[in-house]
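Here's the structure we're looking at; comments come further down.
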Amino acid sequence: MDANRSSRIRKRLTRWGLNIALFLAMAIICLPGLWIVLNSLRPTVEIMAKPPVWIPHELNFDAYVAMFSGVGSGGIPVIAYFRNSIIIAVTSTVIALAIGMAGGYAFARYRFRGKSGWFLGLMLTRTVPGIALSLPLFFIYAKLGIIDTHFGLILAYVAMNVPFTVWLIDGFFRQVPRDLAEAAQIDGCTRWQAFWTVEFPLARPGIASAGIFAFLTAWNEFALASQLTRSTNSKTLPVGLLDYTAEFTIDWRGMCALAVVMIVPALALTYAVQKHLVSGLTAGAVKG
Amino acid sequence: MKPWRLSPHILLLLPAVLVLLAVVILPLILSFWSSLTPFRLTRPDSIYDFVGLRNYARLMGDGQFWSAFGRTVLLLTVALNLEMLLGLGLALLIERASRGQRILRTLLMFPMMFSPVLVGFQFKFMFNDNVGLVNNALQSLGLTNSAIPWLIDQHLAFFSIVVAEIWSSTSVFAIFILAGLMAMPRDPLEAARVDGCTPWQTFRFVTWPFLMPFAFIAMTIRSLDVARAYDIIKIMTDGGPARRTEVLWTLIARTGYADSKMGMANAMAYVAILLSILFTVIFFRKLAQSREQIAAEW
């Protein structure tokens, strides 16, 4: 009887302990982001206050207004950066998806010699650190005159994203049973028609999430962009973030506001595809 | 003579291979050549001046380079292992939560959306010795009166960088391990309980082997992209103060762009590339191994 009760109490205690641990972990994951949002709404005096002000006295959108009001009045050319980021990320994503779909389909549906070797080789190109790749790219781009252009960055990001989109899309095509396309071909479709009418629609959610992944990589990239861009012609948002730093001071409030602008599109997109993302990457995990 | 045609898989792979050849392989060949010259951006002719392995030989005797190299390996080892452990713990915690799993999983994705630059700034802000969240909290709670120099002291700065790195990437591990937990068949677990395994034994000999491929997928994805840490470090300390948190990548950027010693920087870059490839190949092989083991057992 007594042993029964003490074991029940111990069980309840561990359950509470584990719940508290989970809560703490989630708080640590969420707090930094909320802190950024909060500070983008507070006046600078309050951010700098000593002793610290924990409960904000006033919240306003001054930082956002200043940011969007252009270079003259304390802002940065955020609209130009935003436009560059969108153009570069979207274009490079579309191209990387087209190339990745072809490559992923080849890996999922065809047998050929040295397949795993090719796959590994493709992946290894992704391991080259951005900063190491930027040295020769900088030199070549300077010779070709495509430094500080959209084209240059798009090209670099396509190459960055291709290995990963191939991996993801390969996983999704492998989940689509081979028989379906074969049945369509027996019914008189060409291989091309069978692909577009049977296999592509089934793999579409996966392809969409590969696209989002590629978009986020391009949207967030810094090491290459910081060297291959010079001006508002092609600077992207992550590089633009540095505009808020001077030699010894940083405009924390403005930076937080720009951070929020950067995060919102990424948040919306990731939320939209979160379900498919993991299943694509783990598709081959157990079946191999 | 029959007309020569490319087989379809080659045709399909061709665009990927061409792009990677043009944007990655060719530049790497160029950078390998320039690592054999004393090339400087300010003197373009110096790229034709072949000096053999002199840059590499100089690197071998360069204390600064080796300490950056050691620090990089240390950072990667510490960060990846901790991320794996914490991610595993987090995934197990979420898996046993009875309610709100969907919401928890969505929150888990949160740090993944943050650009590494943003993570750098965010933690630079929070660890700021004057206005940062961490010091403010410690002082308000009365734990300390002094402003702890998180980003200025050598060890504290390294610690801060590791914290930022872990914050940004633990959820990758948690998400994949969670996916593994969800996909796991229940029967072996029940069989283990019937056979009288303790919870620890069940985890060690039933759950963990099944989760391994998922953990190694996360590892592989992370190792494909370890150099993202450059962005974080560049923003938080830029290798400073006085090079005390210098890693390979910040050293490359400094040598190549600030000192414009491109030849030397390219030699360092090759060492960094080999290091990344080594990490990735290790995890790819472990992934293949654990897959085979699973396939044999289940």
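Every read-out reported here was derived from the displayed coordinates using simple, explicitly stated rules and does not represent laboratory data. These numbers come from a predicted model, not from an experiment. Positions of Cβ are backbone-derived with ideal geometry, glycine not excepted, and every protein chain shown enters the neighbour counts.
Just a few scattered comments:
- Take each residue in B:103-110, count the other chain C-beta atoms within 10 Å of its C-beta, and the mean is 5.
- Within region A:180-204, backbone nitrogen closer than 18 Å to the virtual label 7 Å beyond the Cα of residue B:5 toward Cβ: A:185-186, A:189-195
- Its relative contact order, with pairs defined as Cα atoms under 8 Å and 6+ residues apart, puts chain A at 27 percent.
- Segment residue B:21-residue B:85, extension gain: residue separation times 0.36 nm, minus the distance between their alpha carbons: 19.3 nm
- Cα shape, chain B, gyration tensor, a/c 1.5 rule: oblate
- Test item: A:164-173 mean partner chain Cβ contacts at 10 Å: 1
- Unit Cα scatterers, Debye sum, chain A: log10 I(q)/I(0) for q = 0.06, 0.13, 0.16 Å⁻¹: -0.31, -1.02, -1.24
- Per-residue ³J(HN,Hα) for region B:72-84, Karplus 6.51 cos²θ - 1.76 cosθ + 1.60, θ = phi - 60°, Hz, x for Gly and Pro: 4, 4, 4, 4, 5, 5, 4, 5, 5, 5, 5, 4, 4
- Residue-normalised convex hull volume from the C-alpha trace of region A:2-66: 115 Å³ per residue.
- Look at the stretch B:67-73: the mean tally of other chain Cβ atoms within 10 Å of its residues' Cβ atoms is 0.
- Per-peptide packing, taken as the mean over residues of other Cβ atoms within 10 Å, places B:104-117, B:25-38, B:58-71, B:149-162 in the sequence B:104-117, B:25-38, B:149-162, B:58-71 from highest down.
- Percent breakdown of C-alpha pair distances by 20 Å bin, ordered from the shortest bin, for the protein assembly as shown: 18, 51, 27, 3, 0
- Within a Gaussian network of chain B (alpha carbon springs, distance under 10 Å), most fluctuating of B:22, B:242, B:91: B:22
- Between residue A:183 and residue A:49, the contour length at 0.36 nm per residue exceeds the Cα-Cα span by 41.2 nm.
- Over chain A, DSSP H runs of length four or greater, each weighted -39,500 (n - 2.57), average out per residue to a 222 nm ellipticity of -25000 deg cm²/dmol.
- When the helices of chain B are scored as -39500 (n - 2.57) per DSSP H run of n ≥ 4 and the total is divided over every residue, the value at 222 nm lands at -22000 deg cm²/dmol.
- Relative contact order (%) - criterion: Cα under 8 Å, at least six apart; region: region A:130-285: 34 percent
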